[in-house]
Amino acid sequence: MKKTFSIVVFAIALICAGIFIMPACAGASDATGAAPIKIGEIATITGDFAAYGVAEEESVKIAVKEINEAGGILGRPIEIIMYDCRTRNEDMVNAARRLVQQDKVSAVIGPSGSSLCISASPVFNEARVPHIGTLPTNPFVTVDEAGKVKPYNFRICFLDPYQGRILSIFATQNLNAKTAAVLYDVSSDYSEGLREFFVKDFEASGGRIIANEGHRTDDVDFRAQLTKIKDTNPDILVLPTMGKCLPLAVKQAREIGITVPIIGGDGYGDFMWEITGQEAMANTFWVSHVDKADPTLADFFRKYEEATGTECQEFMNAVMAYDSVYWLKDAIERAGSDDPVKIKEALETTNGLKLMHATISMDEFHNPEGKDGVILEAKDGKAVFLTKIRPEM
């Protein structure tokens, strides 16, 4: 009775501290009694990025189940310890500390938000535990302000300078845009970074930015900024944002009469359609890391639907989280150990690793090299493949 009471009190204390514990995906040992390899996951199960986090959580579970059923890693099962950071930097830091200090994990996966990953990077580097971000595209996820690599931070996605250039190439070459208006989130590292790199490349290509309006993550009404933008009559509207503010901005832009093409980065998610409706989403285009219709992904999406009972909507997050588990599996096997330092060394020497969505090699700054950017067009209630762009950087 006393033990049960203590556990309850402990759980309440963690919740009050901003950490929500998710159940582990694997038990403490397999049938042979081998000790598990502990891997942490931090996801945005609640908050503004909840749709992204749920997809990542479910995909990690699928990958872990597959690996464990095939014999685990080095003859040992994976045990996933999951935390919900609630799309808040302070909760992200708390979850990271809990994983490395008390749970003693060998590595951590997720989440997708750049600001979240940046906020916790000191924790991972101090503890010398490798961390893989699923979709954090801001450069400062893996390097400091002086450009020095953060030894224990990695990502599986391409960066904002890369997708900013992709957006600029698409705007100027495919849409023939000469002028652009930007509405971005001033409180988001992701949004600030993507805006900066798009603007730099667009202007270098001869384009002009004729409106540059800001908002904050928690804002829900953008009509004042959008009205100013409409008055400038741009060729395109650029929305380098993510989360709930993205579909709200699209919907309100169309409501006030902005009919020009809208383009944005990898913040796109299928959840947007429920907020905007089909009419508002027409003539919008989005950078993606994958093409959902790629036949090599079909089996994964089938397994996702079987496991969850729902179609995989936030497919970019799902695919990146799933492949992050298999990247870790490869690193642990090459390291021959679950020692975090050895895993980190194996991650940074990854070369030509074929994953489900791409073949990846790490550069000196812990970023994957040479990945294609996909342009999706919102059409007939879904995002469909339009073209691929691989910029020279």
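What follows draws every value from the coordinates through simple rules; no lab data is involved. If you're wondering where the values come from, they're calculated on a predicted model, not measured in any experiment. With ideal geometry, Cβ positions are generated from the backbone for all residues, glycine too; neighbour counts draw on all protein chains shown.
Assorted remarks:
- In segment 118-143, the qualifying residues are those that are under 14 Å from Gly40 (Cα atoms) and touching a Gly at 6+ places or on another chain (Cβ under 9 Å), and the one that is surrounded by the fewest Cβ atoms within 10 Å (Cβ to Cβ) is Val129.
- Residue match in segment 230-251 (condition: farther than 25 Å from Ala50 by Cβ and of a type in the set (Lys, Arg)): yes
- Options Gly113, Gly72, Gly164: the member that is touching a strand residue (DSSP E or B) at 6+ places or on another chain (Cβ under 7 Å) and either of a type in the set (Asp, Glu) or touching a residue at least 24 places away in the same chain (Cβ under 8 Å) (or both): Gly72
- Search result, residues across segment 126-182 that are touching a His at 6+ places or on another chain (Cβ under 8 Å) and outside any strand (DSSP E or B): Leu135, Thr142, Lys150, Tyr152, Cys157, Phe158
- Any chance Thr350 is within 21 Å of the chain's Cα centre (by Cα) and either closer than 24 Å to Pro36 by Cβ or buried (at least 20 other Cβ atoms within 10 Å of the Cβ) (or both): yes
- Residue ID - surrounded by the most Cβ atoms within 10 Å (Cβ to Cβ), chosen from residues in segment 144-158 that are out of contact with any Pro (no Cβ under 7 Å at 6 or more places or on another chain) and within 8 Å of His366 (Cβ to Cβ): Asn153
- When we screen Met316, Met281 for residues that are out of contact with any Cys (no Cβ under 7 Å at 6 or more places or on another chain) and under 17 Å from Thr134 (Cα atoms), the only hit is Met316.
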